[in-house]
1. Given R₀ = 41 Å, FRET efficiency for Arg82-Met110 by Cβ-Cβ distance, to 0.05?
2. How would you rank 28-36, 46-54, 91-99, 16-24, highest first, on the average number of other Cβ atoms within 10 Å across their residues?
3. Taking 25 Å as R0, compute the FRET efficiency from the Cβ-Cβ separation of Glu12 and Leu98 and round it to 0.05.
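Each value in this text was obtained by applying a stated rule to the coordinates, not by laboratory testing. The shown structure was predicted, so the numbers you read here are calculated from the model rather than taken from an experiment. When we count neighbours, we look across all protein chains shown, and the Cβ atoms used for this are built from the backbone with ideal geometry, even at glycine.
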Amino acid sequence: MTDPLLQFTVREIGTVSAALTFAIAILGFLVGYVAFRGYRRNESLPMLFVATGFLLTFWAPGLLLGVTVALDQLATFAPGMRTTVEVALSLAGDVSTLVGLLCLLYGLWMPRD
């Protein structure tokens, strides 16, 4: 019996992963937008941190994935820079996620005035 995951090619798995990242980015943007509307309605500073946290945690890495895909098309001009750019964008996505989670934690932990 073969493993179902072994039946997919690396390209198909990459496509599915990119589609899932795109879906996560869209949903993260929607949640961040709803949280930002809550901030605007109530002028609650903790809600501003929650909205910022959702946008940084879920939307920014998806945006960086789009930049990675766009730079993939330009890799023919500077093939040696491809790895450097991918590592830099991956690091930027990780930092964005970390800062976003810290904003979420601070917004949820912040005392209300």
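1. Approximately 0.50, to the nearest 0.05.
2. Ranking the peptides 28-36, 46-54, 91-99, 16-24 by packing returns 46-54, 28-36, 91-99, 16-24.
3. Efficiency, from the Cβ-Cβ distance: 0.25.
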